[in-house]
1. For the pair residue 101 and residue 53, what calculated FRET efficiency results from E = 1/(1 + (r/R0)^6), where r is the Cβ-Cβ distance and R0 = 30 Å, to the nearest 0.05?
2. For the range 56-129, what does the alpha-carbon gyration tensor say about shape, rounded, prolate or oblate, given a ≥ b ≥ c as the root eigenvalues, a/c under 1.5 as rounded, and a/b over b/c as prolate?
3. Residue 143 label point, 7 Å along Cα→Cβ, cut-off 13 Å on backbone N: hits in the range 66-100?
4. Set the Förster radius R0 to 35 Å, insert the Cβ-Cβ distance between residue 150 and residue 75 as r into 1/(1 + (r/R0)^6), and round the FRET efficiency to 0.05.
5. Go ahead and run the numbers for FRET between residue 32 and residue 169, Cβ-Cβ distance against an R0 of 35 Å, rounding to 0.05.
6. May I ask you to compute the full-extension gain from residue 161 to residue 82, defined as 0.36 nm times their residue separation minus their alpha-carbon distance, rounded to one decimal in nm?
């Protein structure tokens, strides 16, 4: 009789134990609907303001885009204080020591995944929101009080575009760093393990069961 027809009970038992020890990976969207909508609105408003910045006859449209951007950023600031846990600044804005530790891990190829923005990314978010609001405010001053504010507005707008460029470039860099540090495992920046969210205090145990 062929021995392969009867698997070794010890091997079968060990395999069953291994499967039983592996926790179920339950994922959920990281960012809530308000964050996603505001992010899209900010991106579209910034693109529209940039495209109409030097266009003759489009000044009113440019101002409308700028005001929309300012409104969306103001709402994001409010949601960062009152919104869901992953969206709150208290969840992802860390002190200088945490930022330096994260940068050292990143340079050493040992970057750990974070449920949301990493410590450096948290400060980048604040820089983007602050610079965007200042750019929109200086733009309104340029419109209402004359050309004296134009250079300030242009400098802030340029700084905002540079920050956006760094923000976009950081996404693939972060994905590659996390993939290297996880032995080639796939990293999803929008769907995260609920156990990771629980560990970082992003959701409560009651929410994770819903």
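The numbers here are math on the coordinates, done by the rules we state, and not lab data. For clarity, every value in this text was computed on a predicted model and none was experimentally measured. All Cβ positions, glycine included, derive from the backbone under ideal geometry; neighbour counts span all protein chains shown.
1. So the FRET efficiency works out to roughly 0.15.
2. Prolate shape, in that a/c is at least 1.5 and a/b is the bigger ratio.
3. 66-71
4. E(calc), rounded to 0.05, equals 0.80.
5. So the FRET efficiency works out to roughly 0.85.
6. So the extension gain works out to 25.7 nm.
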